[in-house]
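FYI, it's all coordinate maths here, none of it is from the lab. What you are looking at is a predicted structure, and each value in this text was computed from that prediction instead of being measured. As a convention, Cβ positions derive from the backbone with ideal geometry for all residues, glycine included, and neighbour counts pool all protein chains shown.
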Amino acid sequence: MPSDSSLFPDLETIRTLDDRLTAKLLEHRTNAAKRSVSANTPSDDWQGELARFSFDAAEDLEDLMDWVMSALDDGIVQMTHPGYFGLFNPAPTFPSECADRIVSAFNPQICVWSHAPKAVEIEQHVIRSVALRAGLPINSTGHFTSGGAEANGTAVLCALTAKNPEFGEVGSHAFDGQPIIYASAESHLAWLKIAHATGIGRSSVRLVSTDGCGRMDAVELERQIEADIVAGHTPVIIAATAGTTNAGMIDPLTECAAIAKRYSVWFHVDAAWGGALIACDEARSALNGIEKADSVTIDAHKWFATTMGAGIFLTSRPDIPADVFRVTASYMPDSDPANDFYLNSAQWSRRFVGLRLFLSLGAAGWDGYAQHVNHSKRLVDLIVAGVSNEGWSKVNASDMAVACLTPREGSETVETYVNRVQASGRYWVSKAMFEGRPVLRVCVTNGRTSESDAKGLIELLALES
Ligand SMILES: *Cc1c(COP(=O)(O)O)cnc(C)c1O
């Protein structure tokens, strides 16, 4: 007898529940476009229902799942809705969903090669394929992370350790003055949390000014580095963004790489979202310079559209993470930092997340992803052309699938438009700041979004505020 038949049902029960769940999920997929794309605020009644789950008595799993799915039906912003033109949370690829199911059933522990050799080999194969496609040197490695923020945090730890091997033992005291992180004013602000968590302090982050077009100003970067050296600080890492979150702008990577080399600091490229451009032969040159990076962040769960959370940390200097994350534990079966993820990454127990990208890349090939990227770019171009006829302007000169738009009446009316779109329940766009101005941000994140969805959004934006 198993310990508890609700937790470990017999195979016949599993089959019944599994089949029913699959049918229910298909129903949800079928209705994806009919739901409101915006989230309802939880009502008092619903909060009461939630509070009644005291877990004192066992309840029926089928009923529980139905209750949760009905909550998700109207209580979340719908990533799978074709009218979602929002922040970069994808409608997931079907192969990545399949991967999650397979991984859940086997639940391999991949922190140690010897515990799951074939799973680890698959994971490493995906990592190497992405690194090579990004143009990194042949010996580059990396690992999957919970997301871009973790990968960026790993980059900072590597940079600190590479700059001063004493950092691992004595922390920030190893440095003369304060160790300094450089990112642009338009970068993803996880850098502040990372600086806090690593103990070097939030004041160590220099948000270098941009060039008026959302890209780091390389002249200003160098000036800031010089000033910090004069002040007795130690520059440690330049984190260039390749695809800013709000506007899809790419910092001057080649210049940043040259400056990093000149001052012997770590060069990191945060391509969490923009990294997917490596799939496109025509578009990937926008990322030129990325191949010079000491480390790179690419999120599989952004433009590669796998289920969350799946970030990737890549590095051309595998010896550094192996130093940062080294540890010996008597109960661990192996100790090879080249193969055992618990010895070269922040996580210990580790899910087989890479299978999501393995199955997606395998099923679509790089060409399939190029098509996905081009599809989103084409729809954004269509929207920009449509609203331009109505007096709107696109203010970000990005080649990615994002447009920062200002209405004909001026940027004060952005909020009115954003509220209207969200209230429609048919489309979802966000408000963002670009170079200090409010903009309406339109981003295609769903591979099922079509021209008619784009046209519907144009019509809504064409109405006067
Ligand atoms: C999304 C994003 C991040 C953060 O990644 P998470 O996966 O949300 O942790 C970092 N940098 C950029 C440029 C991003 O777009």
Which value at 222 nm does the chain reach when only helices count, each DSSP H run of 4 or more adding -39,500 (n - 2.57), with the total divided by all residues and rounded to the nearest 500 deg cm²/dmol? -13000 deg cm²/dmol
Hey, which of these cross-link pairs are over 23 Å Cα-Cα: K193/K394; K34/K455; K24/K431; K118/K292; K302/K377; K24/K302? K193/K394; K24/K431; K118/K292; K24/K302
Hey, what did the range 83-241 get for relative contact order, percent, Cα under 8 Å, at least 6 apart? 18
Contact order relative to length of the range 87-149, as percent, for alpha carbon pairs under 8 angstrom and 6 or more apart: 18
Report relative contact order for the chain in percent, whole number only (criteria: Cα-Cα under 8 Å, sequence separation at least 6). 21
Listing V353, V68, V120 from the residue with the fewest other Cβ atoms within 10 Å to the one with the most, what is the order? V68, V120, V353
Gyration tensor on Cα atoms of the range 286-325, a ≥ b ≥ c root eigenvalues, a/c under 1.5 rounded, else prolate if a/b beats b/c, else oblate, says oblate
Backbone N under 15 Å from the R223 label point (7 Å along Cα→Cβ), restricted to the range 171-187: 185
Dipole magnitude of the chain about its Cα centre (Cβ charges: Lys, Arg +1; Asp, Glu -1), debye to nearest 20: 960
Working out 0.36 nm times the residue gap between S285 and A338, then minus their Cα-Cα distance, what length gain in nm do you get to one decimal? 16.0 nm
Could you tell me what percent of the DSSP beta bridges with both partners in the chain are antiparallel, to the nearest 5? 60
For each of L440, L192, count neighbouring Cβ atoms within 10 Å of the residue's Cβ, then give the residues from fewest to most. L192, L440
Taking a ≥ b ≥ c as the square roots of the Cα gyration tensor eigenvalues, with a/c under 1.5 meaning rounded and otherwise prolate when a/b beats b/c, else oblate, which class fits the chain? oblate
Give me the percent of DSSP beta bridges within the range 230-325 that run antiparallel, rounded to the nearest 5. 45
Unit charges on C-beta of K, R, D, E only; dipole of the range 374-465, Debye: 240
Counting other beta carbons within 10 Å of each residue's own, what order do I458, I320, I76 fall into, fewest first? I76, I458, I320
Once you sort the root eigenvalues of the Cα gyration tensor of the range 363-412 as a ≥ b ≥ c, which label holds: rounded (a/c under 1.5), prolate (a/b larger than b/c) or oblate (the other case)? prolate
